[in-house]
Amino acid sequence: MAHFSVVSLMNTLDQIVSSDLFPIFHVKDQILSIYRKLRFLQSLLQDSHEEMEILQIQIRDVAYSTQDIIDLHLSQQILSNPKKFMAQLGHVHKNISSVLYYQDLDNEIKKFDALIEELLKDRRGLKYLLPRGRDLRYSLPLGSSIPRRKARRAHAMVGFHEDVKHIKERLTAHQSELQIIPIVGMGGIGKTTLARNVYDDPLIKGYFDIRAWVTVSQAYNVGKVLRDLLQDMRVVIDQLQQNNIQYLMKTLYQSLKNMRYLIVLDDMWSMDAWDSFMRIFPHDNNGSRIMVTTRLSDMANYATNDSSPPHQMNLLDEGESWDLLRQEVFAQEPCPFELEEIGKVIARNCRGLPLATTVVGGLLASSMKTREFWEYVAENVSSVAINNDEDYLDLFSLSYNHLPQHLKPCFLYLGAFPEDHKIYVPKLIKLWVAEGFLQPIKSKGLEEVAEEYLKDLISRNLVFLHQKGSNGKVKYCGVHDLLRDLCIKEARKENFLDVISNKHHPSTNAQHRLSVHLDIVKHDDISDGIYKSALSARSLLCTGYVLSELPFYKRFRLLRVLDLFESCFSKFPGEILNLVNLRYLALSLYSHPVLPPEISQLWKLTVLIVRDHQNVLNQDLFPYLKSYFEVDMPLEILQNVQLRHILVTECFLPDDIDSVVLKNLETLSRVSNFKCTDDALRKFPNLRKLCIYYYCDQIHDWSEYHLEKIVEFSKLENLKCIFNYPPKETLSRNLVFPLTLRKLTLSGSKLSWKEDMRIIGSLPDLEVLKLKNYAFVGKMWEPIEDEFVQLKFLWIEQTNLVEWKAEATHFPCLERLVIRQCRCLTEIPYCVGEIGTLQMIEIDQYSSPSLVDSVNGIVEEQQMMGNDEIQVCFHTYHGLNYELPARFKMDFLKGGADENMIGQISSTTGMTEFFATGKFNLPSFAASLTLEVFEGMRFDFTKGLNQNFSLSHSVMLGRAIEGSSTSSETNITPSAQYEFGANFVDPNLILVGRMLRDGRSSARLKCNLTENLTLTGVAQLSNEPHMSQGMFDFDYKGSDYRCQFQLGSGAITGASYIQSVSPHLSLGGEVYWAGQHRLSGVGYAARYNTDNMIAAGQVDSSGKVALSYIQKVSQKVSLASSFLYNYMSGDVTASCGYDYNLQRCRLRGKIDSNGVVAALLEERIDMGLTFLLSAEIDHQKKDYKFGFGLTVGE
């Protein structure tokens, strides 16, 4: 950490020297002297060796103490007279006496001189500190790395059968030229095990004439590697020449010449070493192969080419982890039933890493097999693995030790985040910058440097990618739990970081950074541990609650980073104002947060994040509810010239902006009713990201807001512009965008597809375009040539667009297309599939049947042309998203949103619905086979008042059949019925109400309370006695199970549980009790499904047996059959049905063993106009029904 501490101190001195806020001129010579010495030390420490560890510790401690002296004296100066300091903001005062103590600085300078003198005296030490040479041909460093663990035995190759198959196919492929096959992945993932299993395979042994294996490692010697290869090939060498590199190279080359060989270079780290070895292997075009295992993606890419890409190793899934653990513990014996459940927990906590699973499995195999011991292991997997295998942690330490000096603090910092945490990369980058980890590069900003650091860590397989953002950059990343434990252990050793949680108690040493994952106020011992590091701590990150009444901040005089975003405060904690060295401040306050004017005392502040706590809770518990409270920002905060990022829930800027220029400010989000005046342009000259929100109902004259001047933000790259209501006047003449934009989000702007889109399409660097909530209106969009030349991501949501005409040349770089809640859009242009860069199309449940057909057509056409790269993702708003392969079937969408969403609410027996439709794993085509025949004439009219609310009117003319009390004859009379309805449909809330003219009414409700918990309800009110009823259903969906609980009128209570026992098989059961009728029952069911079929069976205690089978025959045809048997009554019914789906019409029908034949035709005449034809014939009852209808509206 010596290198980091030097870089951090240099950054601090840079900030002081370049600032006008402090009169340091009397000690400027001392500051510059320290700076020059630090630069010299930095160059020496860039590539230092472990042999100089003691000297590095001394350098680190002197750098830390110097920084403490400077920061402490500056804070004392500010706090001694805050009002005077605030009055000096933005002005130079050279006549004020120095605030720094000469003697303290002189002492630090003497310490640096002594360290440098010691380095220069000791030539051996200087040799170790100077950068290493790059010529590694003959004079490579001697030594050995940590001994390699033996690869797992072949029969334990669990979870990698596909990997073995793939590598064997590449080794024995018909390509005659020499092929390089790199295997890349994090340490302990099984690279060597995979290579060894393939290497020892009988097929591979017989295929190659010569095989040889050598472990290279970090610290290697060319002569030893060559000798090991020759020895493995059983080539005898001259003992007098065993150290002659030229002789060994020649002997190896001649031994391999004209032979089909397989060479394995295990554990490769150096590109220079690779270049050295590649000259030795002959290229005879005879099918020879070289396998390389490495942790470094850059190394793997360097060793190969596009025609032979690296083989990326992946972590085991939970099932594979359990199979491996069970095999390690019990071999071929079964696992005792009482240990199986906790054993699966242990396997899951190994997080898919084979090495961790085998180490823990070895311990369990040699220990007492009791549930108590296994529970202890389940809670302490990491510590158990580390303590029971001496090479275990060393294996991961290799990756850390191989890191360049500038990456080590960035990697160790990842230990501050909770276990299994999805790390938000923009936040991580801001923290790295605030901590001073980054070395400034003249041509790049600090954020760009941080992105390169992160990419480097990902390429080394120390950090994994969770999710990419719309711009293609990493949005969320993560670190494996075992690597996180390495971070924490190494960070504590260096006094760099301490993590305090249930598993990690406070360190005995004072630490420079603290990450607390507990509620501080509830743990006195934790508070004591925190206070121990108060004087030295530079950072405090809390994920537990910290009340403002706890004034512990006063002790942390040197804090740079204070992250209390997940804590809650009733008001701004005044103690924070004493932390004048803060660079990063994140807070969550209750409604209407107020920031005090004294916040300007935080003169070094670069990042300010303030959110109202209520909104944070809403996003966690009820994502569809959004309540924003304005953050009251004082004018003084806009005088802080160091600010780089301001992110608040919402704020209003004053009309009169002062003249202080915030030249460092890059992010401003979000500002309401932003006026883009000349003063604003002068004050924020370097904005790169701007989020603005307009309350259109409060704006009467748009000319005062100068939207046309947004174009003058010459460095703006990311703009989000939201209008809460459609503007009363057109924005076309006002809204102009800067040519530097890379990402643009518009919402509610109601621009024209025809005229205004050309302005956006002409932006030369635009890569991401998001259009939401009627950002554009009109029935047709037809782009023109030379637009969107760089666009990679296009999102269209909530629009009345009907027809989209486009060619592949209109979007030459498009990678991802998202269509959401576009009910009117008839299709996606087929030529979109011809875009060579396209990777993903996303649609949702609101998509029209014709749009779904167009997506099907695009995928099928591209498959016929050999392109299987396009993926399709279907989004529902029930908390589940389904990512489908390129060859997908989506006929289940043909019924539209009403059938899939509203129609399913009426079910009150969750298990029956589930096993009938198969909707637990995927939306199913089975639901489309349900017929709703009618008789007579039917007319339905639906009018959408806005995107979410609509009214409906239904008229039905038919016949009423009534039996006579005096005879067996029936009376048939005409009947008429009118129904009025209201519908509210939101992604997470559905309300449906219906009222008949006789006073009867019904209501249906579906509400997503959380991502996994759904509440559904149905109620019916009637004037007739005992006919009113209601039912509520709570439905919880887990990763592989689902449980429901029902409550209804008449004392009806029910519960069901469904479990997926394999990817295709599900089992379930239910119980119910009807208290009013004193009835109860138990039911059991099973379902087996694949992509094209569903088979289900159900039996209950009332004697009912139900069997069903649904088969998807083709893209347009589905067939189904069912069998129903009632043991009590002896009734038996068998039926079969069909579903034939064309582009503009759908024909469904069924026939059963009772002689009933039925059919329903739906013909789509035009957009919003559908003709219905219905018929049913009951041969036994001689009852014939015929009906026709018309449906108007969405």
- Item | Summed side-chain charge close to Gln218 - residues other than Gln218 whose Cβ falls under 11 Å, Lys, Arg +1, Asp, Glu -1 | 0
- Item | Globularity ratio of the range 154-240, using Cα Rg and 2.2 N^0.38 Å | 1.24
- Message: Debye calculation, C-alpha points only, no solvent: report log10 I(q)/I(0) for the range 1046-1177 at q = 0.10, 0.12, 0.17 Å⁻¹, in the same order as the q values.
- Response: -0.51, -0.71, -1.07
- Task: Mind jotting down the distance between the C-alpha centroids of the range 459-496 and the range 1089-1164, whole Å?
- Result: 51
- Leaving out ligands, DNA and RNA but keeping every protein chain, what accessible area does Phe949 have, in Å² rounded to the nearest 10, with a 1.4 Å probe? 70
- For the range 982-1034, what is the charge dipole size about the Cα centre, in debye to the nearest 20, if Lys and Arg each add +1 at the Cβ and Asp and Glu each add -1 at the Cβ? 180
- With a 1.4 angstrom probe the carbon and sulfur portion of accessible area for the range 759-805, in percent, totals 47
- Item | Heavy-atom SASA rank of Val985, Val1082, Val852 (probe 1.4 Å, accessible area, largest first) | Val1082, Val985, Val852
- Query: With charges only on Cβ, +1 for K and R and -1 for D and E, what is the dipole size of the range 219-342 about its Cα centre, in debye, rounded to 20?
  - Reply: 1300
- Message: Taking the Kirkwood radius as the inverse of the mean 1/r across Cα pairs, report the Rg/Rh of the range 656-792.
- Response: 0.96
- Ordered by packing density, taken as the mean number of other Cβ atoms within 10 Å over each peptide's residues, highest first, how do 654-666, 1114-1126 rank? 1114-1126, 654-666
- Place a +1 charge on the Cβ of each Lys and Arg in the range 971-1077 and a -1 charge on the Cβ of each Asp and Glu, then give the dipole magnitude about the Cα centre in debye, rounded to the nearest 20. 160
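The values are calculated or read from the model by the stated rules, or taken from the named source; none is laboratory data. Small disclaimer: the values here were computed from a predicted structure and weren't measured. Positions of Cβ are backbone-derived with ideal geometry, glycine not excepted, and every protein chain shown enters the neighbour counts. Remember, those area values only see protein heavy atoms, side chains included, never the ligands or the DNA or RNA. Shrake-Rupley method; radii C 1.70, N 1.55, O 1.52, S 1.80 Å.
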